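The values are calculated or read from the model by the stated rules, or taken from the named source; none is laboratory data. Quick caveat, the model's predicted, so the values are computed rather than measured. With ideal geometry, Cβ positions are generated from the backbone for all residues, glycine too; neighbour counts draw on all protein chains shown.
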Amino acid sequence: MVRDLDHALKHVSLRAPAPRFERPRPPRGVFTSQQGFMRALGVGAVLLVAVLPFMDASRYTMSIATSALIYVMLCMGLNVVVGYAGLLDLGYIAFFAVGAYISGIFTTVLGWPMWAALIATIVACVTAGIIIGAPTLRLRSDYLAIVTLGFGEIIRITANNLKITGGPSGIHGIPTWSFGPWSFDDGFNLFGIDFPERVVFYYFVAAVVIVVGVIGAGRLAKGRLGRAWKAVRDDEDAAEAMGINTYIAKISAYIIGAVWAGMAGQLMATHLSAISPNSFQFLYSALILMAVVLGGMGSTPGVIIGALFVSLAPELLRDFAEWRYLIFGVLLVVVMLFRPSGLWPATAVLPWLRRTRPTPPAFTEATAVPASVMESVDGTPTTDAHEGDRA
């Protein structure tokens, strides 16, 4: 019997059995699905960023908002290194300094336009990521943190002692972005509305942050490389046993994070028009890492919230004068006590979705063995099992 069945199966085309349950379609509403709510929240945030200059276009507001967006860009890059790949980097400000100094040198000394200096910035950040990451990424945990901290200080001290970087005085007079005869200093007029230089640059930074920082990081996290990073973060030995080249995965995350930091450094150099070694101390690396941990490592909305909190809280507390940093520190301690996983962790589920009970799927009939197979085995025509039941 078994031999006859095996012989029959070799010459009969089998069809895959139908599923026992109808898989329900995932909800797509704003308040019925996590993805729908996040998309609506993202659209609302983009609209808020777009209308902010129409509500308050003062120089102070635009300056603070632009700096906050640059912080978001910087934290998104560190989130790739720490949140996705699990590499504790305490010298991330070094790549921020590389981007700022390269753009400053190429625009002030060599006379390049800022868009051309962007190419040099990316090349320099990739080179710096390989030089720093190649020997250090074979280390883990605390050893990696100590070595990256040392490299961050090396970059700052080197910039403080080189003549081309301006030494302790830094570089001044960094020009803004220009495209042919037009530059951001000229502004523009649209439908009778004047957009000054600070508003134009704010919109430019917002577009770069949204497209490169938020959308780019989100796509990377969901791709094959992002899954490899998360596997390395969870258990490097298990990831290597499963065939992932952990060294390539780590150095790719390090280089991508370096490029993000370099672009943010170039934006900051253009925004401030002057840089100095004191702008790249270890304190800023700690603040950026604090923003990532505070918001939620590996979470895009969490990192954005953490970056905005770290960059805007001291400004909102400016009325308290010398007490503002004390209040800022107390707020950080309180948040970490009550939200140890971050303000918006990567595994967060909306509160109203936790209370919803999944509906049981509808039962469907399973597909029986094809009648042609049974007929070829015993020589008698048979009917489908479900047809017999219905009869």
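Within the range 195-237, the set of residues being of a type in the set (Asp, Glu) and part of a loop (DSSP other than H, G, I, E, B) comprises ASP235 only.
Could you tell me whether the range 52-59 includes any residue that is in a helix (DSSP H, G or I) and within 20 Å of the chain's Cα centre (by Cα)? No: the range 52-59 contains no residue that is in a helix (DSSP H, G or I) and within 20 Å of the chain's Cα centre (by Cα). Hey, any hits in the range 307-318 for a residue that's closer than 18 Å to TYR84 by Cα and either part of a helix (DSSP H, G or I) or in the same structural domain as LEU41 (by TED's automatic domain parsing) (or both)? Within the range 307-318, one or more residues are closer than 18 Å to TYR84 by Cα and either part of a helix (DSSP H, G or I) or in the same structural domain as LEU41 (by TED's automatic domain parsing) (or both). Within the range 280-307, the set of residues being surrounded by fewer than 24 Cβ atoms within 10 Å (Cβ to Cβ) and either touching a Leu at 6+ places or on another chain (Cβ under 6 Å) or within 16 Å of THR108 (Cβ to Cβ) (or both) comprises SER285, ILE305. Counting the residues of the range 217-245 that are without any contact (Cβ under 8 Å) to a residue 24 or more places away in the chain and either of a type in the set (Lys, Arg) or surrounded by fewer than 18 Cβ atoms within 10 Å (Cβ to Cβ) (or both) gives 14. Just one of the listed residues (ARG224, ARG233, ARG198) is under 24 Å from ALA45 (Cα atoms) and of a type in the set (D, E, K, R), and it is ARG198.
Of the residues GLY173, GLY180, GLY192, the single one that is under 19 Å from SER279 (Cβ atoms) and surrounded by fewer than 16 Cβ atoms within 10 Å (Cβ to Cβ) is GLY173.
Taking the criterion of being among the hydroxyl-bearing types (Ser, Thr, Tyr) and either farther than 30 Å from PHE191 by Cα or touching a Gly at 6+ places or on another chain (Cβ under 8 Å) (or both), would at least one residue in the range 26-36 satisfy it? For the range 26-36, residues among the hydroxyl-bearing types (Ser, Thr, Tyr) and either farther than 30 Å from PHE191 by Cα or touching a Gly at 6+ places or on another chain (Cβ under 8 Å) (or both): present. Exactly one residue out of GLY166, GLY104, GLY170 is over 30 Å from ILE248 (Cα atoms), at pLDDT 85 or above and in contact with a His (Cβ under 8 Å, 6 or more places away or on another chain), and it is GLY166.
Of all residue pairs spaced 6 or more apart or on separate chains, those with beta-carbon atoms under 9 Å, a first member in the range 327-338 that is part of a helix (DSSP H, G or I) and a second member that is of a type in the set (Phe, Trp, Tyr) are ILE327/PHE320; LEU331/PHE309; LEU332/PHE309; VAL335/PHE309.
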